[in-house]
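Chemist: Starting off with a structure, shown below.
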Amino acid sequence: QVQLVESGGGLVQPGGSLRLSCAASGNIFSFATMGWYRQVPGKQREFLASITSGGSVSYADSVKGRFTISRDNGKNTLFLQMNSLNPEDTAVYYCKWLGSIYWGQGTQVTVSS
């Protein structure tokens with residue numbers, strides 16, 4: 001059984017930073033291409049970034065230069081470092097095993113003064 005569990009969300013002021021984590025179980029992580037998405041109420045889930053098992057990364061234009069995706073295969077953990085946050089980044093953030101049906105439960109990020 002595959003489980004993805006996000007953590008690290010919270011309230012941050014504009015211009016601040018947060019680091020999200022996604023812990024994976026089920027012996028899939030080392031070969032899985034992983035991604036981060038976010039969703040605000042009433043809108044479609046938005047792709048943010050992906051990383052292959054070998055470390056190749058891809059970013060959406062909306063976060064390029066501000067967000068960094070990384071992974072620790074030894075700890076089965078995916079990360080998203082988010083810098084220069086602004087109120088438009090407020091959303092629920094999800095990790096996903098790309099190409100599968102598996103999503104995390106989401107973690108809320110709120111950017112507000």
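The values are calculated or read from the model by the stated rules, or taken from the named source; none is laboratory data. It should be emphasised that the depicted structure is a prediction, and the values quoted were computed from it without experimental measurement. All accessible areas refer to the heavy atoms of the entire protein, side chains included, with ligands and DNA or RNA removed. Shrake-Rupley method; radii C 1.70, N 1.55, O 1.52, S 1.80 Å.
Chemist: If ligands, DNA and RNA are left out, what is the accessible area of LYS43 with a 1.4 Å probe, given in Å² to the nearest 10?
Modeler: 130
Chemist: By accessible area of protein heavy atoms, probe 1.4 Å, what ranking do TRP36, TRP97, TRP103 get, highest first?
Modeler: Most to least solvent-accessible, the answer reads TRP103, TRP97, TRP36.
Chemist: Under a 1.4 angstrom probe, counting protein chains only, how are ARG66, ARG45, ARG38 ranked by accessible area, largest first?
Modeler: Largest accessible area first, the residues go ARG45, ARG66, ARG38.
Chemist: Can I ask one more? Starting from the Kirkwood radius over alpha-carbon pairs of segment 42-100, derive D by Stokes-Einstein at 20 °C in a medium of 1.002 mPa s and give it in µm² s⁻¹.
Modeler: 169
Chemist: Once every Cα of the chain carries one equal point scatterer and solvent is ignored, give the base-10 log of I(q)/I(0) from the Debye formula at q = 0.16, 0.20 Å⁻¹, two decimals.
Modeler: After summing over all Cα pairs, the log10 values are -0.66, -1.02.
Chemist: For the chain, what proportion of DSSP beta bridges, expressed in % and rounded to the nearest 5, is antiparallel?
Modeler: 90
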